[in-house]
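**Student:** Below is a structure I'd like to ask you about.
The values are calculated or read from the model by the stated rules, or taken from the named source; none is laboratory data. This is a predicted model, so every value here is computed, not measured. Every residue, glycine among them, receives a Cβ derived from its backbone with ideal geometry; neighbour counts consider all protein chains shown.
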Number of protein chains: 2
Amino acid sequence: MISASIAEELRSIVGDEWFLDTPEDLATYSYDGFLPEYLPDGVIIPGNTDEISKIMKVANREKINIVPRGAGTNICGSSVAREGGIIMAFHRMNKILEIDPEDMCAVVQPGVVNADLQREVASYGLMYPPDPASMFVSTIGGNVALNAGGPRGVKYGVTRDYLLGLEVVLPSGDVINTGGKTLKNVSGFDLTRLMCGSEGTLGIITQIIVRLVPLPPAKATLQAIFSSLDDAAITVSAIIGSGIVPTTLELMDRVVLDVIRDYGGAEFSDKADALLLIEVDGEEVLVEEQGKRIESFCKERGAIEVQRAKTPQDADRLWQARRTAFGAVASLRPNCIVEDATVPVRKLPEMLKKIIDLADKYQLKIGVLAHAGDGNLHPLIMTDLRDKDEMARVDKALDEMYEEAIAMGGTLSGEHGIGIAKDRFMPLQFNRSAIEIMRGIKRVFDPNNILNPGSFL
Amino acid sequence: MISASIAEELRSIVGDEWFLDTPEDLATYSYDGFLPEYLPDGVIIPGNTDEISKIMKVANREKINIVPRGAGTNICGSSVAREGGIIMAFHRMNKILEIDPEDMCAVVQPGVVNADLQREVASYGLMYPPDPASMFVSTIGGNVALNAGGPRGVKYGVTRDYLLGLEVVLPSGDVINTGGKTLKNVSGFDLTRLMCGSEGTLGIITQIIVRLVPLPPAKATLQAIFSSLDDAAITVSAIIGSGIVPTTLELMDRVVLDVIRDYGGAEFSDKADALLLIEVDGEEVLVEEQGKRIESFCKERGAIEVQRAKTPQDADRLWQARRTAFGAVASLRPNCIVEDATVPVRKLPEMLKKIIDLADKYQLKIGVLAHAGDGNLHPLIMTDLRDKDEMARVDKALDEMYEEAIAMGGTLSGEHGIGIAKDRFMPLQFNRSAIEIMRGIKRVFDPNNILNPGSFL
């Protein structure tokens, strides 16, 4: 609980209207894309770096927890006040401060919505490649804090790869700058990338310099339906092995396709056991040729139907199934747990099989949607959190799944983060020394452990 | 000094022949690509991770400094025993352990020479993009420790961008693994990239997983000569602004060209005030078209001569001037200080002018070779370290140069590192809080300060 005098002090920093503590407001900020609810003691919405610095000085002095939060679309519970304290939200700090077409970078505040930045830079003929599926909601600050990935990762990488520099407010209230506008920068430790993916545990990101690339002039979008999941998985390997680097290579399995069909999201043949959504971008002539090759790869490997978009509207239609997927699976049972196991691409068929086996073994409804081109799987566990027996089986399935992912040389999280969702699995991937190093780094930044405590460390 | 009993203990770990302490051996390891000499107390050449772990346990217990060293081609003095101690060299750990064409990655030991990896992966139709100009000598371990850049940075980025995972021996002797084989990986803090560019101050890198990309099937190499440096700089902006992303965009100024000509390295017109070496790679049809556009850009902006390579031999010939540059400038005066100021690309003309002004103001011979496409300048100060008066002027010029680079939004080092060459400039780029954070991180990894002490922290 925050005392009346502290609340007063915080209000005096941001203005009365930007410190919230009514039950309705607190409830709104009690959960994020992950499920459990933790009621915070307050919500503060600062307007600038200076205010954040002042807030952190108070919080550090009073040992009040602060949990920074973008749009709350992370799926690992990294933006909830698990141990109480104040949620810091950034929707006032949502300005694109600069777009620099010559140096191909942009300077933004953390609350800028990803899609807004995408749209703005497109008008300069530029692209900001990281595109979490949540781009219309999620913020650049949140994307950086979670090192968000998304369906373009196979060609363009992740948020980290487009991050040039940051302004950060430390828990002490001190402000530091990391990186800068230059592509090459090796002065001192790479604090920029240390912040990226740190899930709000090290500092408050208050300004972000991102790298932009030329907007590709053309793209080709294809959808291939397979009557066998194995055929689809083999086609993924064939495409990646051919030297083509697709922008997007998404896979959905029969469970997901059935749910989408029933939901009315899209039409597929009853024989559909898997769907690949494939996109390539670049110069017109190249895209044309690669599109044809991909079409052949799919047909040669047993696709029962291949469609290629002829117009942007066509492409939108082909994306329809993928875009509907989360809504469809969420509608089936009271809850849907979106997992994030990631394995080397060559292990994809094996991991798909493992997940199907686990669903069978533990009598669970699990569909798979995968960013297949980079081995990033999203098992979607359709379940009911209130059903204790079923949840015990879910936990067992998750244990086995992550043990298997790590055994295959994979990782606990490709793009969603660890948060409170997967902290118990950290020892699977890291030995005690590595975890101690991480805890040591946390103490350097945040000796009083006030920033997002109770998250993965 | 190392006591006889400690030396004996170290010999028993690696074998007699792999611990060196004769005066000749120590002298060989007393300097690197930067100039001052510091005689180490010994040189140890471990054969595997286990030996390194044992060595570190002894060093940590006895508080003996350990300075890891690849090929010593860094140009910042980050691999010399500035405060005494033992140099750890890696030429026994030079194996490519695995090339995985399906997952497009390779696992290597730190002592693998960059060009050896390049050649090996090319036989799989793959490329390891980071190409420091020192690729025929420098090692992947050194490249990672310094986050090496090079002439392909403008398109392909730097070492950091191709790093997937590491095995690291901590000063305690504990071994940790960071990252893995997957492109997407957001579990815990990004220790992989924290190690990258840490200049041997945090841990010993014993194994490296690098990401590979498809080898581009075609490339075009062009050389353009300008009678005005301004015209060349404007052409750089025009190319970058056009949406073409060249692989390489190198600039050399009149001073460097004159030295190369006198050295017999290459022939140019007397009117040559600047040279651009430009390379694009990718699919044949694209490279063809981009080559033509670049040719036009150069001609339209006042190039007095444009050559385009018709054969690989032709391309080698066009690279000749660039490859000769360092040898040529090194021959002119007893010493050549290679600087590494980096600015946003749009500031390149201004920075070039500043350097010419500084040469004039302080009566110094300074040529410029720049990775112009990414704003990474290498002012080459041809000087004589024994001339105290001249060196005082060099120092003043450097002070002004780095103040200016930082004022332009640039960085102290684009790709060479800070080491002992530029530690005095760190406060120009980082405030006290940022430097304290870096020092804190150092203490977490290395509480006894035995790893490369006296380097930039």
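**Student:** Under 6 Å between Cβ atoms, at least 6 apart or on separate chains: pull out the pairs that start in the range B:41-61 with a residue that is closer than 19 Å to B:Asn177 by Cβ and end on any residue that is modelled with pLDDT under 95.
**Tutor:** So the pair list comes out empty.
**Student:** Another question, then. Please go through the range A:330-347 and give me each residue that is crowded, with 19+ Cβ neighbours inside 10 Å and in a loop (DSSP other than H, G, I, E, B), ordered by number.
**Tutor:** A:Glu339, A:Asp340, A:Ala341, A:Val343, A:Pro344
**Student:** When the range B:125-134 is examined, which residues are found to be in contact (Cβ under 8 Å) with a residue 40 or more places away in the chain and either surrounded by 16 or more Cβ atoms within 10 Å (Cβ to Cβ) or in contact with a strand residue (DSSP E or B) (Cβ under 6 Å, 6 or more places away or on another chain) (or both)?
**Tutor:** B:Leu126, B:Met127, B:Tyr128, B:Pro129, B:Pro132, B:Ala133, B:Ser134
**Student:** Can you tell me which of A:Glu350, A:Glu295, A:Glu289, A:Glu305 is surrounded by fewer than 18 Cβ atoms within 10 Å (Cβ to Cβ), in a helix (DSSP H, G or I), in contact (Cβ under 8 Å) with a residue 12 or more places away in the chain and of a type in the set (D, E, K, R)?
**Tutor:** Values: A:Glu295 fails: surrounded by fewer than 18 Cβ atoms within 10 Å (Cβ to Cβ); A:Glu289 fails: in contact (Cβ under 8 Å) with a residue 12 or more places away in the chain; A:Glu305 fails: in a helix (DSSP H, G or I).
Going through A:Glu350, A:Glu295, A:Glu289, A:Glu305 in turn, just one is surrounded by fewer than 18 Cβ atoms within 10 Å (Cβ to Cβ), in a helix (DSSP H, G or I), in contact (Cβ under 8 Å) with a residue 12 or more places away in the chain and of a type in the set (D, E, K, R): A:Glu350.
**Student:** Residue by residue through the range A:137-156, note down the ones that are small (Gly, Ala, Ser) and within 7 Å of another protein chain (Cβ to nearest Cβ).
**Tutor:** Filtering the range A:137-156 for residues small (Gly, Ala, Ser) gives A:138, A:141-142, A:145, A:148-150, A:153.
Within the range A:137-156, A:Gly149, A:Gly153 qualify.
**Student:** State whether one or more residues within the range A:191-203 are charged (D, E, K, R) and away from chain B (no Cβ under 14 Å).
**Tutor:** Applying the first criterion (charged (D, E, K, R)) to the range A:191-203 yields A:193, A:199.
Then keep just the ones that are away from chain B (no Cβ under 14 Å); that gives none.
Checked against the condition, which is being charged (D, E, K, R) and away from chain B (no Cβ under 14 Å), the range A:191-203 yields no hits at all.
**Student:** Inside the range A:308-329, can you point out the residues that are surrounded by fewer than 15 Cβ atoms within 10 Å (Cβ to Cβ) and not in a helix (DSSP H, G or I)?
**Tutor:** Selection gives A:Lys310, A:Thr311.
**Student:** State all residues of the range B:98-131 that are acidic (Asp, Glu), under 22 Å from B:Pro151 (Cα atoms) and at pLDDT 95 or above; if no residue qualifies, say none. Spell out the reasoning first.
**Tutor:** Initially, the range B:98-131 is screened for residues acidic (Asp, Glu), giving B:98, B:100, B:102-103, B:116, B:120, B:131.
Checking the rest, the ones that are also under 22 Å from B:Pro151 (Cα atoms) come to B:116, B:120, B:131.
Hits for the range B:98-131 are B:Asp116, B:Glu120.
**Student:** Please work out if A:Ile55 is within 16 Å of A:Gly200 (Cα to Cα) and buried (at least 19 other Cβ atoms within 10 Å of the Cβ). Give the derivation first.
**Tutor:** On the way: within 16 Å of A:Gly200 (Cα to Cα): yes; buried (at least 19 other Cβ atoms within 10 Å of the Cβ): yes.
When the stated conditions are applied, A:Ile55 passes them.
**Student:** Which one is farthest from B:Leu39 (Cα to Cα), of the residues in the range B:78-98 that are touching a residue at least 60 places away in the same chain (Cβ under 8 Å) and within 14 Å of chain A (Cβ to nearest Cβ)?
**Tutor:** Within the range B:78-98, the match that is farthest from B:Leu39 (Cα to Cα) is B:Leu97.
**Student:** Can you name every residue in the range A:6-39 that is buried (at least 19 other Cβ atoms within 10 Å of the Cβ) and either within 23 Å of the chain's Cα centre (by Cα) or among the aromatic types (Phe, Trp, Tyr) (or both)?
**Tutor:** Within the range A:6-39, A:Phe19, A:Tyr29, A:Asp32, A:Gly33, A:Phe34, A:Tyr38 meet the criteria.
**Student:** Could you tell me whether any residue of the range A:399-410 is within 14 Å of another protein chain (Cβ to nearest Cβ), of a type in the set (A, V, I, L, M, F, W, C), crowded, with 21+ Cβ neighbours inside 10 Å and without any contact (Cβ under 8 Å) to a residue 60 or more places away in the chain?
**Tutor:** Checking the range A:399-410: not a single residue is within 14 Å of another protein chain (Cβ to nearest Cβ), of a type in the set (A, V, I, L, M, F, W, C), crowded, with 21+ Cβ neighbours inside 10 Å and without any contact (Cβ under 8 Å) to a residue 60 or more places away in the chain.
**Student:** What do you reckon, is B:Ala218 small (Gly, Ala, Ser) and either over 22 Å from B:Ala115 (Cα atoms) or crowded, with 24+ Cβ neighbours inside 10 Å (or both)?
**Tutor:** It is false that B:Ala218 is small (Gly, Ala, Ser) and either over 22 Å from B:Ala115 (Cα atoms) or crowded, with 24+ Cβ neighbours inside 10 Å (or both).
**Student:** Moving to a separate point now. I'd like to check which helices (runs of 4 or more DSSP H) are fully inside the range A:1-119 and have at least 2 residues that are under 23 Å from A:Asp174 (Cα atoms). Walk me through how you get there before you give the answer.
**Tutor:** Numbers: elements: A:4-14, A:23-28, A:49-62.
Because the criterion is at least 2 residues that are under 23 Å from A:Asp174 (Cα atoms), the helices (runs of 4 or more DSSP H) in the range A:1-119 that meet it are A:4-14, A:49-62.
**Student:** Of A:Gly454, A:Gly367, A:Gly440, A:Gly373, which residue is within 11 Å of chain B (Cβ to nearest Cβ) and touching a residue at least 60 places away in the same chain (Cβ under 8 Å)?
**Tutor:** Values: A:Gly454 fails: within 11 Å of chain B (Cβ to nearest Cβ); A:Gly367 fails: within 11 Å of chain B (Cβ to nearest Cβ); A:Gly440 fails: touching a residue at least 60 places away in the same chain (Cβ under 8 Å).
Exactly one residue qualifies, and that residue is A:Gly373.
**Student:** Mind checking which residues of the range B:233-267 are at positive phi and touching a strand residue (DSSP E or B) at 6+ places or on another chain (Cβ under 7 Å)?
**Tutor:** Across the range B:233-267, the qualifying residue is only B:Gly243.
**Student:** Name, by its number, the condition in (1) more than 14 Å from chain A (Cβ to nearest Cβ); (2) out of contact with any Leu (no Cβ under 6 Å at 6 or more places or on another chain); (3) at pLDDT 95 or above that does not hold for B:Met382.
**Tutor:** Result: B:Met382 passes all but (2).
**Student:** If the Cβ limit is 6 Å and pairs must be 6+ apart or interchain, which residue in the range B:417-431 that is surrounded by fewer than 21 Cβ atoms within 10 Å (Cβ to Cβ) pairs with which residue that is among the aromatic types (Phe, Trp, Tyr)?
**Tutor:** Going by the 6 Å Cβ cut-off, the qualifying pairs are B:Asp423/B:Phe456; B:Leu428/B:Tyr402.
**Student:** Here is a follow-up. I'm trying to understand the selection: among the residues of the range A:99-124, which are over 19 Å from A:Lys181 (Cα atoms) and small (Gly, Ala, Ser)? Reasoning before the result, please.
**Tutor:** Step one: filter the range A:99-124 for residues over 19 Å from A:Lys181 (Cα atoms), giving A:111, A:113-116, A:119, A:122-123.
A:Gly111, A:Ala115, A:Ala122, A:Ser123, listed by residue number.
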